[in-house]
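One structure below.
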Amino acid sequence: MTARRRRPVEPPRGEVHARLLEQLGLEVEVELLERALVHRSWSYENGGVPTNERLEFLGDAVLGLVVTDELFHRHPDLPEGRLAKLRSAVVNMRALASVARTLDLGSAVRLGRGEETTGGRDKDSILADTTEAVIGAAYLSCGPDAARDLVLRLVSPLLEVSAELGAGLDWKTSLQELGAAHGLGPVEYLVTEEGPDHAKTFAAVATFPEAPATDPHGPAPRGEGAGRSKKEAEQEAAASAWRTLHSARGATPAERVEADVHEHAVAQDA
């Protein structure tokens, strides 16, 4: 007879709240904070208690406004399209999941048995949603100014590097260009989706279906990505494939020429 798998023992919720509040640096109302940590899978198994989805909705709006405002004033000369790409580099599922891990939200979120057993505590979509819910709770409890300060504190490292991402802000274009330089042909994306309409997640796979079958460098790379929109998932997949291709095959011919020119210029100056 197979022993029934037990749910991991959780620390007292008071300890969870105290630790998280210390990291946030805010006095968020405990009731709101606890609601921000309730995933719908926990609600389903516990009599339909309120989930964090409304707070997530609010936090998403607060996060978007704060980051947009900060980028607008930080980069007064950038056009709208460039600002939008910078914002996407900061406000996306993977970036928010990274923020959640710095706060150890995975250990604090309330999950049902199914999510618990399938690694939900480290799932990007759950971590990102919980981050937004916590921001929403901070906004309601502490006001817009405190919420703004919190958002900027949490995403500050992302804001600092976003302006230096260069072509990587549009990974699909970068992958297409790198693939073409290596004679791999066009990129294709296979996208799947799961979840209810109000909380869908998307998965994408980037491939080079027309790449030569006998390429001396080996098979063409593929990349996988996930996101809360088709566009975000495709960008993540493209980024993964780009890194694999660049690592496996090195610089493109154009990049090698540029490097040679730079090396020659340095030698001339010496």
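The values are calculated or read from the model by the stated rules, or taken from the named source; none is laboratory data. Since this is a predicted model, take the numbers as computed values, not measurements. A quick note on method: Cβ atoms are made from the backbone with ideal geometry, for glycine too, and the neighbour counts reach across all protein chains shown.
For the stretch 86-103, does any single residue satisfy the condition of being of a type in the set (D, E, K, R) and modelled with pLDDT under 90? Yes, the stretch 86-103 contains at least one residue that is of a type in the set (D, E, K, R) and modelled with pLDDT under 90.
Conditions tested, residue by residue: (1) under 23 Å from Ala203 (Cβ atoms); (2) in the same structural domain as Leu21 (by the TED database); (3) surrounded by fewer than 19 Cβ atoms within 10 Å (Cβ to Cβ).
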| position | (1), (2), (3) |
| --- | --- |
| Arg74 | no, yes, yes |
| Glu80 | no, yes, yes |
| Thr102 | no, yes, yes |
| Leu111 | yes, yes, no |
| Thr118 | yes, yes, yes |
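Within the option set Leu96, Leu78, being farther than 19 Å from Glu132 by Cβ, without any contact (Cβ under 8 Å) to a residue 40 or more places away in the chain and out of contact with any Lys or Arg (no Cβ under 7 Å at 6 or more places or on another chain) holds for one residue only, Leu78.
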